[in-house]
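S.K.: Pasting a structure below so you can have a look.
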Amino acid sequence: MKNSKGLNKFISSISIKSFGLFLIIILFFSSFKGQLKDNYVKYVDPFIGSDSHGHVFVGATVPFGGVQVGPTNFNKGWDWSSSYHYSDSIVKGFCHLNVSGTGMSDLGELTVMPALGELKVNAGNQENHMSGYSSLYTKENEVAKAGYYSVELDRYDIKVELTASERAGFHRYTFPKSKKSRIIIDLGEGSADRPTETFLRKVNDTLFEGYRFSSGWANDQREYFSFIVSKPIKEFFIYEGEKKQKSSSKKGKYVKGFLEFSTENNEEIFLKLGVSTVSMENGLENLLHEIPHWNFNKTYKQAKDKWNKELSKVKIKAKQKDVKKIFYTAMYHSMIAPNLYHDVNGEYRGTNKEVYSDKSFTNYTLFSLWDTYRAAHPLYTILQPKKVSDFVNSMLKIFDHQGKLPVWHLRGNETNTMPGYSAIPVVVDAVFKGIENIDQNKVYDAIKESATGDHEPGVKELMKYGYIPSDLMVESIASSMEYAISDWGIAMLAKKLGKKDDFKYFLDRSKAYRSYFDEETGFMRGKFLDGSWRTPFDPVSAQHRINDYCEGNAWQYLWLTPQDPEGLIDLLGGDKKFTTKLDELFSMSSELEEGSSMDITGMIGQYAHGNEPSHHTAYMYAYAGEQYKIAKNVRHILTEFYTAQPDGLIGNEDCGQMSAWYIFSSLGFYPVNPQNGAYVFGSPIIDEAIIELENGKSLEIIAENNSEKNKFINEVYLNGKKHENSFITHKQIISGGKLKYVMGPNPNYNFGKLETHRPKSKIY
């Protein structure tokens, strides 16, 4: 009461005007505090990108987690690469390992399915799911959130809820009354791989363990597990294929187990499954370490809190509809991979299948590097620098085990998918950005060997002829141009380390793309060993896996020189001819010939946003002094190719790359050259943002006067000073401060026009 009287006396002593100001200040800080503590997971919709060709994972996981627990449909082709597609209505189980957004099917394994009634030994099939244990479900009864998934099985009236820790999945099943309730563990089921050996053993009435070895995209995959159920079983059966076994353990190719219970109406049975690539014992240790209890809601809250912590690293305000939803879902998708690949005791299985124990770093897998080196990994250097150290050291360990850096690495397997040695830009970028706990000399040894040894297709020819002859190898232009990007990074690191000869050699190789430039057509054209050009030549031709390009055509690959835009400008005849050609790219017909790669989607003219080689292209105008031309195309991509609907991704998510493009571009800048620490300004769609950095600093971004019409950057201010450059550097970002865009309805033709204000092909 005493304090209350004092407050009243204070209030009465000040003027009404002052009191009003006082209230405004209090409300402002209260609002700001509330914003800082915002529940960012509420903006995440995991269904975005699960329809059409997005191929995203739908289910429960934690940021960069080692398990992805979610529903699995019958695989009906390319669009079911992540085990699930939004259009589907039949679920055959709930698996613990998944890829997200890739163009290849694998994983979808360690499948668990609750059921009841007559025993069905197999999952059934798409044409007759009732022949097996699969069930129909409806979208109305399906929920997906960050760290949580649930669905009701129409066939059984069972509610399934899933959440996860780093290395374990947690299931909650609500059963109806039945004397024949069961939980099925089917080790024969997977997305598109083939089991080579499976094993299951009952340890006691609540504990079970086993393994699944398989071959698919990942050629030799080994997954061990242990799981515990909350209620002792009434009966337990093991089948090998369709043959019932008499024992409580079995090794075979298609082993599956059936746990039988009697349940009361609305009875909950819980299942916890821990995964390891080393042993069943490690799987159990992982499980007991991370989920030692039966409190499903507690684990879900922990998962949600982990997501909220990561999502809160970028706080945005936006007036335009659905921007927050799209942005934070993109943030979510960018952190599903890479995946943790390290048991709690420090053990992991290397590419050579040997078991290693190392607690000096945290090991990761699932590196879709042809996709992610372009923007996802640069994004991690801003938001996840500590994890970048682990990512790089994981790649260096892979180098130790297989003799080269990873190309497309999946759970201890090198898939050798996509052209290039695309780990090189990632590790080089990390060195130049000063990421801690990275041995730069070891990095150099790894990148030089990966680029000169007999590891990747066409490298021997490149070293012998200075280019890869198109009559000796398919996708020669794609491979050579990807190699050239990485070779530039090798040259820059060689220069830093004082290796002058290597610097000159790799700098020359970084310009090897020039060998394919045909002055007559103005494109990169297939060149044969005898020096002649591929004939006939059609720049819009994009035959999948049989032409000189990879998932693209000559129009799209012309611009794949982020390491040397100045060189391409020179080839095309100077700034004006360069930008005129870019204008043509975005304005011409989008028609493609029959048989074109299905990855070519998201067309603006012949620009294809659905595929990664195009992702930097809209920003290339800045290198010729016409930054203002970026805005139109970038805004179109941001608003038309990213939506808050299930088909809201125009192409494969590709392990975070598609989302990373959106995150960067919505903030107003993009890493055209992902190795040099420069980010080119585009056209921000957010109104305000705060990037919370791991060094304790923050970068505040304001897009003044931003709107649908005011899409052009007229001026830029950095920490109150006018910023004339059409780009910002990594060092400037991580130093924190305030970045302000002044937006307008008309271009500022002079912004970034001078050569001194343009980005350059150098390390910043």
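The values are calculated or read from the model by the stated rules, or taken from the named source; none is laboratory data. Keep in mind that what you see is a predicted model, and the values were worked out from it rather than measured. Positions of Cβ are backbone-derived with ideal geometry, glycine not excepted, and every protein chain shown enters the neighbour counts.
S.K.: Of the residues that make up the stretch 629-640, is at least one of a type in the set (Asp, Glu) and touching a residue at least 12 places away in the same chain (Cβ under 8 Å)?
M.R.: no
S.K.: Looking at the stretch 119-128, can you tell me whether even one residue there is in contact (Cβ under 8 Å) with a residue 24 or more places away in the chain, in a strand (DSSP E or B) and either closer than 28 Å to Gly65 by Cα or not hydroxyl-bearing (Ser, Thr, Tyr) (or both)?
M.R.: There is no residue in the stretch 119-128 that is in contact (Cβ under 8 Å) with a residue 24 or more places away in the chain, in a strand (DSSP E or B) and either closer than 28 Å to Gly65 by Cα or not hydroxyl-bearing (Ser, Thr, Tyr) (or both).
S.K.: Go through the stretch 529-571 and report how many residues are aliphatic (A, V, I, L, M) and assigned to a helix (DSSP H, G or I).
M.R.: 4
S.K.: When you check Leu288 against the structure, is it in contact (Cβ under 8 Å) with a residue 24 or more places away in the chain, over 28 Å from the mean Cα position of the chain (by Cα), not assigned by TED's automatic domain parsing to the domain that holds Leu649 and not in a loop (DSSP other than H, G, I, E, B), yes or no?
M.R.: no
S.K.: Of all residues in the stretch 557-603 being among the aromatic types (Phe, Trp, Tyr) and buried (at least 21 other Cβ atoms within 10 Å of the Cβ), which is farthest from Ser515 (Cα to Cα)?
M.R.: Result: Phe578.
S.K.: Being among the aliphatic types (A, V, I, L, M) and surrounded by 24 or more Cβ atoms within 10 Å (Cβ to Cβ) is the filter here; which residues of the stretch 186-214 pass it?
M.R.: Answer for the stretch 186-214, where residues must be among the aliphatic types (A, V, I, L, M) and surrounded by 24 or more Cβ atoms within 10 Å (Cβ to Cβ): Leu187, Leu200.
Residue by residue, here is whether (1) modelled with pLDDT under 95; (2) out of contact with any helix residue (DSSP H, G or I) (no Cβ under 7 Å at 6 or more places or on another chain); (3) surrounded by 24 or more Cβ atoms within 10 Å (Cβ to Cβ) holds:
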{"residue": "Ala608", "(1), (2), (3)": "no, no, yes"}
{"residue": "Gly625", "(1), (2), (3)": "no, no, no"}
{"residue": "Arg635", "(1), (2), (3)": "no, yes, no"}
{"residue": "Leu638", "(1), (2), (3)": "no, no, no"}
{"residue": "Asp647", "(1), (2), (3)": "no, yes, no"}
{"residue": "Ile650", "(1), (2), (3)": "no, yes, no"}
{"residue": "Gln657", "(1), (2), (3)": "no, no, yes"}
{"residue": "Ala678", "(1), (2), (3)": "no, yes, yes"}
{"residue": "Asp687", "(1), (2), (3)": "no, yes, no"}
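S.K.: Further question: Where in the stretch 627-741 are there strands (runs of 3 or more DSSP E), lying wholly inside it, with at least 2 residues that are within 30 Å of Tyr421 (Cα to Cα)?
M.R.: 678-681, 727-729
S.K.: Continuing with the same structure: Out of Pro406, Pro425, Pro419, report the one residue that is within 27 Å of Ser100 (Cα to Cα) and in contact with a Cys (Cβ under 7 Å, 6 or more places away or on another chain).
M.R.: Just one listed residue meets the conditions, Pro419.
S.K.: Would you be able to tell me the number of residues in the stretch 474-506 that are part of a loop (DSSP other than H, G, I, E, B) and either in contact with a helix residue (DSSP H, G or I) (Cβ under 6 Å, 6 or more places away or on another chain) or under 20 Å from Val431 (Cβ atoms) (or both)?
M.R.: 3
S.K.: Among the residues of the stretch 137-159, are any in a helix (DSSP H, G or I) and over 24 Å from Lys42 (Cβ atoms)?
M.R.: no
S.K.: Here's a check for you: in the stretch 384-395, which residue that is buried (at least 19 other Cβ atoms within 10 Å of the Cβ) and in contact with a helix residue (DSSP H, G or I) (Cβ under 8 Å, 6 or more places away or on another chain) is nearest to Arg222 (Cα to Cα)?
M.R.: My answer is Met395.
S.K.: If I filter the stretch 735-756 for residues that are farther than 24 Å from Met331 by Cβ and acidic (Asp, Glu), do I get at least one hit?
M.R.: yes
S.K.: Sticking with this structure for a sec: Condition first: outside any helix (DSSP H, G or I) and within 16 Å of Trp370 (Cβ to Cβ). Now tell me which residues in the stretch 449-473 satisfy that.
M.R.: His455, Glu456, Pro457, Gly458
S.K.: So if I check each of Val443, Val474, which one is under 27 Å from Gln732 (Cβ atoms), more than 23 Å from the chain's Cα centre (by Cα) and β-branched (Val, Ile, Thr)?
M.R.: Testing whether each residue is under 27 Å from Gln732 (Cβ atoms), more than 23 Å from the chain's Cα centre (by Cα) and β-branched (Val, Ile, Thr) leaves just Val443.
S.K.: Any residue in the stretch 515-527 that is assigned to a helix (DSSP H, G or I), surrounded by 15 or more Cβ atoms within 10 Å (Cβ to Cβ) and either touching a helix residue (DSSP H, G or I) at 6+ places or on another chain (Cβ under 9 Å) or not aromatic (Phe, Trp, Tyr) (or both)?
M.R.: The answer is yes, given that some residue of the stretch 515-527 is assigned to a helix (DSSP H, G or I), surrounded by 15 or more Cβ atoms within 10 Å (Cβ to Cβ) and either touching a helix residue (DSSP H, G or I) at 6+ places or on another chain (Cβ under 9 Å) or not aromatic (Phe, Trp, Tyr) (or both).
S.K.: Same structure again: Taking the stretch 226-263 as the search range and keeping residues that are of a type in the set (S, T, N, Q) and touching a residue at least 60 places away in the same chain (Cβ under 8 Å), which one is farthest from Lys202 (Cα to Cα)?
M.R.: Thr263
S.K.: Just name the residue that is surrounded by the fewest Cβ atoms within 10 Å (Cβ to Cβ) out of those in the stretch 407-440 that are under 12 Å from Gly350 (Cα atoms) and touching a Leu at 6+ places or on another chain (Cβ under 8 Å).
M.R.: Restricting to residues being under 12 Å from Gly350 (Cα atoms) and touching a Leu at 6+ places or on another chain (Cβ under 8 Å), the top hit is Arg411.
S.K.: Something else now. Among the listed residues Gly574, Gly567, identify the single one that is touching a helix residue (DSSP H, G or I) at 6+ places or on another chain (Cβ under 9 Å) and without any contact (Cβ under 8 Å) to a residue 24 or more places away in the chain.
M.R.: After ruling out the rest, the residue left standing is Gly574.
S.K.: Of the numbered conditions (1) in a loop (DSSP other than H, G, I, E, B); (2) of a type in the set (D, E, K, R); (3) in contact (Cβ under 8 Å) with a residue 12 or more places away in the chain, Glu594 satisfies every one except a single condition; which is it?
M.R.: With (1) in a loop (DSSP other than H, G, I, E, B); (2) of a type in the set (D, E, K, R); (3) in contact (Cβ under 8 Å) with a residue 12 or more places away in the chain applied to Glu594, the lone miss is (3).
S.K.: I'd like to know if the stretch 167-178 contains one or more residues that are crowded, with 18+ Cβ neighbours inside 10 Å, outside any loop (DSSP other than H, G, I, E, B) and free of Cβ contacts under 8 Å to residues at least 24 places away in the same chain.
M.R.: Checked against the condition, which is being crowded, with 18+ Cβ neighbours inside 10 Å, outside any loop (DSSP other than H, G, I, E, B) and free of Cβ contacts under 8 Å to residues at least 24 places away in the same chain, the stretch 167-178 yields no hits at all.
S.K.: Another one. Tell me the residue from Lys448, Lys460, Lys404 that is surrounded by fewer than 24 Cβ atoms within 10 Å (Cβ to Cβ), over 30 Å from Lys315 (Cα atoms), over 19 Å from the mean Cα position of the chain (by Cα) and free of Cβ contacts under 8 Å to residues at least 12 places away in the same chain, please.
M.R.: Lys460
S.K.: So which residues in the stretch 72-120 are closer than 21 Å to Ile269 by Cα and surrounded by fewer than 19 Cβ atoms within 10 Å (Cβ to Cβ)?
M.R.: Gly117, Glu118, Leu119, Lys120
S.K.: With the requirement that a residue be buried (at least 18 other Cβ atoms within 10 Å of the Cβ) and more than 29 Å from the chain's Cα centre (by Cα), what does the stretch 489-504 give you?
M.R.: The answer is Ala494, Asp502, Phe503.
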